[in-house]
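**Q** Quick one: structure below, then a few questions.
Each value in this text was obtained by applying a stated rule to the coordinates, not by laboratory testing. Not measured: the values here are computed from a predicted model. Cβ atoms come from the backbone with ideal geometry, glycine included; neighbour counts cover every protein chain shown.
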Amino acid sequence: MGYQFYTLKSRAGSAVALAIVVGCVAGCAGMSPGITKDTPPEEKQKIVAARAQERWDALIKGDVSGAYKYLSPGSRASTPFELYKAKIRPGMWTQATVDKVACEAEVCKVTIRITYDAKRMKGIETPLLESWIIENGTPWYVYR
């Protein structure tokens with residue numbers, strides 16, 4: 001009898017564990033941005049702004065591979081990581097702030113204020129306009 005009780009208890013524990021795993025997987029899937037051309041503009045702008053800021057934070061830290069992960073699938077297909085890494089010069093930017101995001105359907109224009117240091121001048125601020133696309137529910141940076 002003790003054996004049967006143990007088996008039933010084990011099965012109940014396994015069922016609970018399985019329910020937890022299924023819930024976590026479903027919850028994690030729901031955490032992706034999952035935006036489309038029909039997403040309300042304010043929500044779309046917020047998500048795109050956050051991803052643009054994350055990309056620039058990675059660049060400022062010198063994390064080129066982290067920043068590369070934000071490139072659109074098409075940009076990554078046409079620009080291998082080694083080429084991207086050779087063109088990006090981390091270390092010159094000191095700050096980046098997303099100022100504005102304007103989206104139409106699956107295309108967003110992001111205005112970012114970049115602060116960088118040059119050889120003889122420090123703290124130079126300049127606006128930068130980036131293009132982002134929404135593909136498969138995720139905003140991606142379009143690298144030129």
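**Q** Can you compute the charge dipole magnitude of the stretch 37-141 about its Cα centre, using +1 on each Lys and Arg Cβ and -1 on each Asp and Glu Cβ, nothing else charged? Give it in debye, rounded to the nearest 20. Before the final figure, lay out each step's value.
**A** Working: 17 positive and 14 negative charges, 106 e Å.
Magnitude of the dipole: close to 520 debye.
**Q** Under a Cβ-Cβ cut-off of 15 Å, what is the net charge of the residues other than PRO127 that fall near it, where Lys and Arg count +1 and Asp and Glu count -1?
**A** Around PRO127, the surrounding residues sum to 0.
**Q** On to the next question. What does the charge count around ASP57 come to, taking other residues whose C-beta lies under 11 Å from its C-beta (Lys +1, Arg +1, Asp -1, Glu -1)?
**A** Working: positive: ARG51, ARG55, LYS61; negative: GLU54, ASP63.
Neighbourhood net charge equals +1.
**Q** How large is ³J(HN,Hα) for each residue in the stretch 43-48, as worked out from phi by the Karplus curve 6.51 cos²θ - 1.76 cosθ + 1.60 (θ = phi - 60°), to whole Hz, x for Gly and Pro?
**A** 5, 4, 4, 4, 5, 5
**Q** A further question follows. Under 5 Å between amide hydrogens, which residues at least 5 positions from LYS100 or on another chain qualify, with H placed 1.01 Å from N in the peptide plane?
**A** Distant-sequence amide H within range of LYS100: THR111.
**Q** Net charge within 14 Å of THR39 by Cβ-Cβ distance, Lys/Arg positive one each and Asp/Glu negative one each, not counting THR39 itself? Intermediate results must be reported in sequence, preceding the final value.
**A** On the way: positive: LYS37, LYS44, LYS46, ARG51; negative: ASP38, GLU42, GLU43, GLU104, GLU106, GLU135.
Charge balance near THR39 sits at -2.
**Q** In whole Hz, with x marking every Gly and Pro, tabulate ³J(HN,Hα) for the stretch 102-109 from phi via Karplus 6.51 cos²θ - 1.76 cosθ + 1.60, θ = phi - 60°.
**A** Ordered by residue, 3J(HN,Hα) equals 10, 10, 10, 6, 9, 10, 10, 10 Hz.
**Q** Between MET92, LEU129, THR39, whose Cα lies farthest towards the positive end of the dipole of the stretch 37-141 when Lys and Arg beta carbons carry +1 and Asp and Glu beta carbons carry -1, centred on the Cα centre?
**A** Checking the options against the dipole of the stretch 37-141, the answer is MET92.
**Q** For the stretch 85-95, what does the Karplus curve 6.51 cos²θ - 1.76 cosθ + 1.60, with θ = phi - 60°, yield as ³J(HN,Hα) per residue in whole Hz, taken in order and with x for Gly and Pro?
**A** For the stretch 85-95, the Karplus curve yields 4, 5, 8, 7, 10, x, x, 8, 8, 10, 7 Hz.
**Q** Can you give the Kirkwood hydrodynamic radius of the stretch 56-144 from its Cα pairs, in Å with one decimal?
**A** Values: mean 1/r = 0.0719 Å⁻¹.
Hydrodynamic radius (Kirkwood, Cα only) of the stretch 56-144 equals 13.9 Å.
**Q** Still on this structure, please answer the following. Just tell me which lysines come within less than 17 Å, Cα to Cα, of LYS61; anything on the same chain fewer than 8 places away is out.
**A** LYS69, LYS85, LYS87
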